[in-house]
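Here's the structure, in structure tokens; my notes come after.
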Amino acid sequence: MESKLKSLMLRACLAATWSDRAMSPEERRYIISLIDSLSDSEEERERFRKQALGEIKPELVLAEIEPLGPEDKRWIFEECLSLLASDKDLGRPDLRFLGRLRKLCGVGYWSFQMRLLGFSWRGGIKIIRWKPLVTLAVVGFIALNILYMRQDGSPKKYLPPAKPSGHEIILGSARPWDLPPAHDAEGVYAIVRDSVVTVEALVDGKPKAMGSGSVIGTDEADGVYILTNKHVVEFDKKPDGRISYRVLLHTGASFDARLDFYSEKHDLAILLVADIRERTVPFGLTLKRELKVGQPVYALGSPQELKHTFTAGIVSALRPKKLQTDATISSGSSGGPLIDSRGRLAGIMTSSYRLKNFAFALYADAFLEALKERRKKAPKK
């Protein structure tokens, strides 16, 4: 196991321990045992001990956990839950911290409640004073809700059927200005403003959700393809009405779109739009191997419904699954592009964090993987 991952797990446990501003004797013993189990050498053990004495900021720890893979997240969550349960008393601050952590780690609400119930029964954990009839009612309610959950424990989401066009998407190629990097943000914006759209999901013609999208290609029938996040085009439940989609250009012009494809592996979806080929320019791509920490990047989208907002930052870190940046994004930026200084798509903005200098984007490589999925689902000619 990587030392960085072990260090992050320890800091997550320390953040959990101090969530109620006190460390019980049981929690202290758990931390000592944890340090011993994590350490492969005396030098590493000493480093972890010093880390346990330092100041821990939960916001920073949670931000570092966000881009980890599902297995690593689950491991950290389980360790923190076991730690807080070790002192037999889970108070409101502990539960608040665990609630934030379980959302971040993709642990379903009712799955979490069942775990708490199990701790209460097996170990006498003080969470709620269960009475037999109340316990039976809660278990029944949880069981019914689990029937409506996905296998990963997350609530069901509704997506209308995707209808791949059957045409191969022709990706954006290098443009004359795509070769040398632009010298300033103004130059980059001039390059990319016709490559970015606002995406609206509508029910009976009324906007219900907003995100951003990137023009990523065309087809032989003059269709234009917009890349966005899957969570931009999905709904918490099946709406009572007709679902449709619309894209808005920076000029204010709006056009109907339809859902062409969404990925099973990545938080990505593709919309198909007609009649905008002459008004837009597809992005070229910059893959993960071409990126470097510290290089300038730019985000363009519609945060908080502020359409066509342009922000600048750097590549803060190249995480295994996501690119971390300090370019400011917010709700509504999802699906928009993270752009390098050559005006190419380096990432697809997918999540922000409470701290303004933490945001994450899927690498452009994930889009190429999604294209392979789309080819498999394309209708046979």
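Values in this text are rule-based calculations from the coordinates and carry no lab data. In this text, all values refer to a predicted model and were calculated from it rather than measured experimentally. Cβ atoms come from the backbone with ideal geometry, glycine included; neighbour counts cover every protein chain shown.
Points to keep in mind about this one:
- For segment 206-301, trypsin sites (Lys or Arg not before Pro) meeting the loop criterion (DSSP other than H, G, I, E, B) and having at most 13 other Cβ atoms within 10 Å: 237, 242, 265, 292.
- Extension gain for residue 53 to residue 23 (0.36 nm times residue separation, less C-alpha to C-alpha distance): 9.6 nm.
- For segment 170-368, the convex hull spanned by the alpha carbon atoms encloses 118 Å³ per residue.
- Candidates 24, 68, 98 compared by Cα position along the dipole of segment 3-107: farthest toward the positive end lies 98, with charges placed on Cβ.
- Taken about its Cα centre, segment 218-300 carries a charge dipole of roughly 340 debye when the Cβ of each Lys and Arg holds +1 and the Cβ of each Asp and Glu holds -1.
- In a reduced charge model with +1 at each Lys and Arg Cβ and -1 at each Asp and Glu Cβ, segment 212-367 shows a dipole moment near 600 debye about its Cα centre.
- The gain in end-to-end length when the residue 274 to residue 96 segment is fully stretched comes to 59.4 nm, 0.36 nm per residue minus the alpha carbon separation.
- Estimated FRET transfer efficiency when R0 is 45 angstrom, pair residue 306-residue 4 (beta carbons, to 0.05): 0.80
- Estimated distance in nm for a label pair at residue 238 and residue 369, the labels positioned 7 Å out from Cα along Cα-to-Cβ: 3.1
- Listed pairs 4/50; 163/322; 237/372; 57/103 exceeding 23 Å between Cα atoms: 163/322; 237/372
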